């Protein structure tokens, strides 16, 4: 922390479970990373542990498939800018937004108990509206990058599903090299609720936590 305060880096490269034997177990990032992510304003680039042997081969060769994900992608310019800059020329950037299906079903169950509301109509319209905003935002990003003659391709991945399961499946199926996500939650001391379980589980690829 003294070094970070003195140098004030824009980016800190690290690997998970630094100065710890916990890399043998898939349960944490290690205490050093936990503190760095929460206590600094720097972006943290996290590599697989060099001794663990679980890194996917493609993820350590290049950075031509990058994914930026959040449950609130719309207008998250900082996240998208980082992801764009870390995608190599002629690479693919996936902008992923997943509406949690369990949360949606919970609210629809409550709505179904209100007799004055047509539940089927409300469900259809609410689904469209929840996906419309991130879809429109991603379309704007794609158009902006085209106007800037960017050398990367941006793809939209917007859907309903179970957060952890869907993100994990997308990352495996698309052979993502780098996952970019928000880590800080300014309303609490702990890491952002969605980021931590993903960061712990996805040991085989590099992560950029901002």
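The values are calculated or read from the model by the stated rules, or taken from the named source; none is laboratory data. Nothing here was measured: the structure is a model prediction, and the numbers come from that model. Cβ sites come from the backbone with ideal geometry, for glycine too, and all protein chains shown count toward neighbours.
Couple of notes before you dig in:
- Residue in the range 119-151 that is farthest from the chain's Cα centre (by Cα), counting only those that are surrounded by 15 or more Cβ atoms within 10 Å (Cβ to Cβ), closer than 15 Å to residue 94 by Cα and touching a residue at least 40 places away in the same chain (Cβ under 8 Å): 150
- Members of the range 162-180 found to be at pLDDT 85 or above and surrounded by 15 or more Cβ atoms within 10 Å (Cβ to Cβ), listed by number: 170, 171, 174, 176, 177, 178, 179, 180
- Any chance residue 154 is at pLDDT 90 or above, buried (at least 17 other Cβ atoms within 10 Å of the Cβ), within 18 Å of the chain's Cα centre (by Cα) and part of a helix (DSSP H, G or I): no
- Against the list (1) surrounded by 11 or more Cβ atoms within 10 Å (Cβ to Cβ); (2) in contact (Cβ under 8 Å) with a residue 12 or more places away in the chain, the condition residue 31 fails is (2).
- Single residue of the range 1-27 satisfying the filter (in contact with a helix residue (DSSP H, G or I) (Cβ under 9 Å, 6 or more places away or on another chain) and under 21 Å from residue 178 (Cβ atoms)) that is surrounded by the most Cβ atoms within 10 Å (Cβ to Cβ): 17
- Yes/no for residue 98 being surrounded by 15 or more Cβ atoms within 10 Å (Cβ to Cβ), more than 13 Å from residue 208 (Cβ to Cβ) and in contact with a helix residue (DSSP H, G or I) (Cβ under 9 Å, 6 or more places away or on another chain): yes
- Some residue of the range 73-86 being surrounded by fewer than 16 Cβ atoms within 10 Å (Cβ to Cβ), more than 26 Å from residue 26 (Cα to Cα), touching a helix residue (DSSP H, G or I) at 6+ places or on another chain (Cβ under 6 Å) and touching a residue at least 24 places away in the same chain (Cβ under 8 Å): yes
- When we screen 41, 62 for residues that are free of Cβ contacts under 8 Å to residues at least 24 places away in the same chain and assigned to a loop (DSSP other than H, G, I, E, B), the only hit is 41.
- Per this entry, residue 93 is counted among residues that are under 25 Å from residue 181 (Cα atoms) and at pLDDT 95 or above.
- Odd one out for residue 131, checked against (1) in contact with a strand residue (DSSP E or B) (Cβ under 6 Å, 6 or more places away or on another chain); (2) under 26 Å from residue 203 (Cα atoms): (2)
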